[in-house]
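As C-alpha cells, the structure follows; a few thoughts come after it.
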Amino acid sequence: MKNFYFNIFNIFILILLTAPEIWSQNTFEIPGENNYITQLEYGVINWTKGKIYATGKAAPSEKQILKSSDYILNIAKTNAINNLILILKTINIGTGNTVEEYTFLNNNIMTGIQRQCMDATIIKQHSSSNRAMEVVVETSMLGGFLQLVLPDEIGQIPQIELIHPDKNKKKQQEYTGLIVDARFIDFKPVLFPIIVSEQGEEIYGSLFISRNHAVEQGICEYIYYSKDLNILNLKTKRAGENPIIIKGLRQRQERKSFIVVSRLDAEKIEKIIERHSFMKKCKVVILLD
C-alpha cells in the first residue's frame, strides 16, 4: 500500500521550494479558542472536534509544465493523504501504543485507515502563478477510525435503568456529566484516557463505556483552558448543564494515559447513581492547559 502512495511521484516531480509564496504558515484556520490543538509539521490534530487536517503540495517541473491543473491538484491531494496517514499513525491510543504500533501486526486495520484517508475532503486549495498548488484535506477521528483502533475491551453496555431507592424523597438535580480538571499535570491527549483513584480503582474506563457511543463521539472531549472559562460554573454541550467537576492530581507514572484523582473525589463519583448513565454515553470532558 505504501508504494501506491508514492509511485505517482515517480512520474511527477514535487518542487516544494519553487513557490514559497503559497506555502502559508496560516494554512489551518480552525475556529474556537477553547479547541485543544496539536500542531505538527504537515498538519493539525483538533482534539476537541475530533478532526485531522493535513497539507499537501505539488508543483510541475519544466518538463511537466503542460500538465493540467487537475493533474497537479491530484498530486497535491495524494501528498496530503500520505501526510494524513503519517499523522494518524502518531496518535497515542492510550494503551501504551501509538496507532502505528497497534496496527503493526494487523494489516487489515492499517488498510482501513488508508481507505478512510483516501476519502478525505479537500477543504482548502490555493495555486500560484507558476501553477504550484497547495491543498488542505480533512478527515475525522470519530466513527470508522475509532472503530478500527479502540481496544476490544470496550464493548457494548445494555440499557441501564436507574432505580431510586425512595421515590417519595425530594428529587435532587441529577448530574449530567463529568469534567476532569487535568491542568498542571502535563497530561497529553490520548484516544482512550482512564481515570483512576489514588488506590488504583477505575473511576472511568472500559467497564463504564459503551462502544457505540465511544466510536460515535470519542471517549471524552478535550477542552483547552483559557482565561474566559469559569471552571466552577463550566457548562458544555458534552457534559451537560449540571456536570460534576473533579481535579486530576497527577498522571500514573507507568501509564501516562491514566489520570489519578483523589480518594475524596473518587468516593464522590461512586455515590452518584446516574454516573453509569452519563459515563456509558461518554459525557466526559477533560480540561487541559
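The values are calculated or read from the model by the stated rules, or taken from the named source; none is laboratory data. Treat the numbers as computed from the prediction; the structure is a model and nothing was measured. When we count neighbours, we look across all protein chains shown, and the Cβ atoms used for this are built from the backbone with ideal geometry, even at glycine.
Against the definition (modelled with pLDDT of 85 or more and touching a His at 6+ places or on another chain (Cβ under 6 Å)), how does E134 come out, yes or no? Give the steps one after another, and end with the answer.
On the way: modelled with pLDDT of 85 or more: yes; touching a His at 6+ places or on another chain (Cβ under 6 Å): yes.
Judged against the criteria, E134 is a match.
Say we look at the range 32-49 and pick out the residues that are buried (at least 18 other Cβ atoms within 10 Å of the Cβ) and not aliphatic (A, V, I, L, M); which of these is nearest to the chain's Cα centre (by Cα)?
W47
When you go through I179, I163 one by one, which is the residue that is surrounded by 15 or more Cβ atoms within 10 Å (Cβ to Cβ), among the aliphatic types (A, V, I, L, M) and either modelled with pLDDT under 95 or not in a loop (DSSP other than H, G, I, E, B) (or both)?
Details: I163 fails: surrounded by 15 or more Cβ atoms within 10 Å (Cβ to Cβ).
When all the criteria are applied, what remains is I179.
Just checking: which of the strands (runs of 3 or more DSSP E) contained wholly in the range 185-289 hold 1 or more residues that are more than 18 Å from the chain's Cα centre (by Cα) and either crowded, with 16+ Cβ neighbours inside 10 Å or modelled with pLDDT of 95 or more (or both)?
On the way: elements: 194-197, 202-204, 221-224, 243-252, 255-261, 284-288.
Passing ranges, in order: 194-197, 202-204, 243-252, 255-261.
Could you list, in sequence order, the residues of the range 106-143 that are polar (S, T, N, Q), out of contact with any strand residue (DSSP E or B) (no Cβ under 9 Å at 6 or more places or on another chain) and part of a helix (DSSP H, G or I)? Walk me through how you get there before you give the answer.
Step one: filter the range 106-143 for residues polar (S, T, N, Q), giving 106-108, 111, 114, 116, 121, 125, 127-130, 139-140.
Okay, now just the ones that are also out of contact with any strand residue (DSSP E or B) (no Cβ under 9 Å at 6 or more places or on another chain), so 106-108, 111, 114, 129-130.
Once the filter is applied, which keeps residues that are polar (S, T, N, Q), out of contact with any strand residue (DSSP E or B) (no Cβ under 9 Å at 6 or more places or on another chain) and part of a helix (DSSP H, G or I), the range 106-143 yields N107, N108, T111, Q114.
All but one of (1) in a helix (DSSP H, G or I); (2) surrounded by fewer than 22 Cβ atoms within 10 Å (Cβ to Cβ) hold for L146; state the number of the condition that does not hold.
So the condition that L146 fails would be (2).
Which strands (runs of 3 or more DSSP E) does the range 23-73 wholly contain that include 3 or more residues that are at pLDDT 60 or above and of a type in the set (A, V, I, L, M, F, W, C)? Write out each step before concluding.
Values: elements: 37-40, 43-46, 51-58.
Here the list reads 51-58.
Here is a yes/no grid of residues against (1) touching a Ser or Thr at 6+ places or on another chain (Cβ under 9 Å); (2) surrounded by fewer than 18 Cβ atoms within 10 Å (Cβ to Cβ):
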position	(1), (2)
A59	yes, no
L73	yes, yes
T78	no, no
L84	yes, no
T95	yes, no
L105	no, yes
Q114	no, no
H126	yes, yes
N130	yes, yes
